[in-house]
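Enquirer: Quick one: structure below, then a few questions.
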Amino acid sequence: MSGVRMRMWVVPVLCAAAVPASGTAGAAAGPEADLALHGTATMDGDRMDVRITPYDLGPDPVADAGVRLRWSVPLADAQRLPARCVREDERTVLCGTGALPADGPGRRLRVPVRLRERAAEVTVEVDTVWAGGAADRDRTNDRLSVLVLDTGDTYAF
């Protein structure tokens with residue numbers, strides 16, 4: 001592999017996004033949390049606004065979690081993302097949620113973005129990519145997709 005260079009970008013909290021949120025078979029018992037995501041998405045022209053409230057349905061609290069937002073169309077190159085968010089690629093943003101109390105909601109996360117080009121409709125996929133080391137055995141409530149039309153209307157997920 002001589003001559004091959006690799007560059008690694010380390011982002012606190014989000015660098016663990018490659019670790020599956022669910023535990024592996026036979027793993028030692030550890031913290032367990034059922035993360036759920038609820039929110040809204042609105043599109044007006046080339047601008048989209050996604051708001052997410054993460055929930056931890058318990059039984060254990062989570063110190064921090066990572067959420068991935070993936071758009072079906074490319075985002076504009078220049079974005080003003082919230083402090084806990086980072087661009088992964090031309091269609092994807094990763095965000096940290098902050099602490100999630102057991103059996104309660106976390107802080108609402110607002111992610112406004114601009115699309116590279118105006119689109120009549122866009123699908124936004126939202127999912128948890130890291131659960132702070134807690135096992136999440138029910139992934140059905142933290143992997144969501146919403147179709148958003150360019151109407152200015154708010155779509156819930």
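The values are calculated or read from the model by the stated rules, or taken from the named source; none is laboratory data. These figures come from a predicted structure and were not determined experimentally. FYI the Cβ positions are ideal-geometry reconstructions off the backbone, even for glycines, and counts take in every protein chain you see. Side chains are part of the model used for accessible areas, which takes the heavy atoms of the whole protein and leaves out ligands, DNA and RNA. Shrake-Rupley method; radii C 1.70, N 1.55, O 1.52, S 1.80 Å.
Enquirer: Quick one: Gly30 ticks every box in (1) open to solvent by 10 Å² or more (accessible area, probe 1.4 Å); (2) part of a strand (DSSP E or B); (3) closer than 15 Å to Arg137 by Cα except a single one, so which number is it?
Expert: Status for Gly30: all satisfied but (2).
Enquirer: Within segment 52-77, work out how many residues are outside any strand (DSSP E or B), crowded, with 18+ Cβ neighbours inside 10 Å and small (Gly, Ala, Ser).
Expert: 1
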